[in-house]
Amino acid sequence: MTLKVGDKAPDFNALADNGEKISLSEKLKDGPVVLYFYPKDETPGCTAEACSFRDNWDEIRKLGATVIGVSSDSVESHREFKNNRKLQFTLVSDESKEIRKLYGATGTLIPPRITFVIGRDGIIREVYNSQLNATKHVEVALNSLKLA
């Protein structure tokens, strides 16, 4: 079952696109986190979603937040995707799908596209789940961050 608004966001450790280990708890020390799960690097919907976060990066940062993208692709795949699309935010590799399981972001055929806005206190403020409306994820996240 997918986590919902008001739930405590589970902490995790993961390898980032730069090969370093990161944790949600460390990122939350700097402010809110937009944690988004997506199916696969360099696919049309996932590219549109990532570029939407990229194109709204300045506004996200003005609101004190950061972005972490999660898929089961490898660190190398994330590095290439990030470089190809000039993404400013962190992509983490969840090859074992453990982070997806923690958040209930699992599916049968295609992994779901779900965005969680997590407050600095670790509480989930917003959940948006839409496989087809990839670019709306950033709009929902920004609206949630503005209300915080």
Residue match in region 1-13 (condition: of a type in the set (Gly, Ala, Ser), out of contact with any strand residue (DSSP E or B) (no Cβ under 7 Å at 6 or more places or on another chain), surrounded by 14 or more Cβ atoms within 10 Å (Cβ to Cβ) and in a loop (DSSP other than H, G, I, E, B)):
no
Failed criterion for Glu76 (all others in (1) at pLDDT 95 or above; (2) under 20 Å from Gly6 (Cα atoms) hold):
(2)
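Applying the selection to region 105-148, what residues are among the hydrophobic types (A, V, I, L, M, F, W, C), buried (at least 16 other Cβ atoms within 10 Å of the Cβ) and assigned to a strand (DSSP E or B)?
Correct list: Ile114, Phe116, Val117, Ile118, Ile124, Val127.
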Among the residues of region 1-59, write down those that are out of contact with any helix residue (DSSP H, G or I) (no Cβ under 9 Å at 6 or more places or on another chain), modelled with pLDDT under 95 and hydroxyl-bearing (Ser, Thr, Tyr).
none
Conditions (1) among the polar types (S, T, N, Q); (2) under 19 Å from Trp57 (Cα atoms); (3) without any contact (Cβ under 8 Å) to a residue 60 or more places away in the chain; number of the one not met by Thr135
(3)
For region 58-84 the number of residues that are assigned to a helix (DSSP H, G or I) and either in contact with a Phe, Trp or Tyr (Cβ under 6 Å, 6 or more places away or on another chain) or surrounded by 17 or more Cβ atoms within 10 Å (Cβ to Cβ) (or both) is 7
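The values are calculated or read from the model by the stated rules, or taken from the named source; none is laboratory data. Here the structure is a predicted model, which means the values were calculated and not measured. Cβ atoms come from the backbone with ideal geometry, glycine included; neighbour counts cover every protein chain shown.
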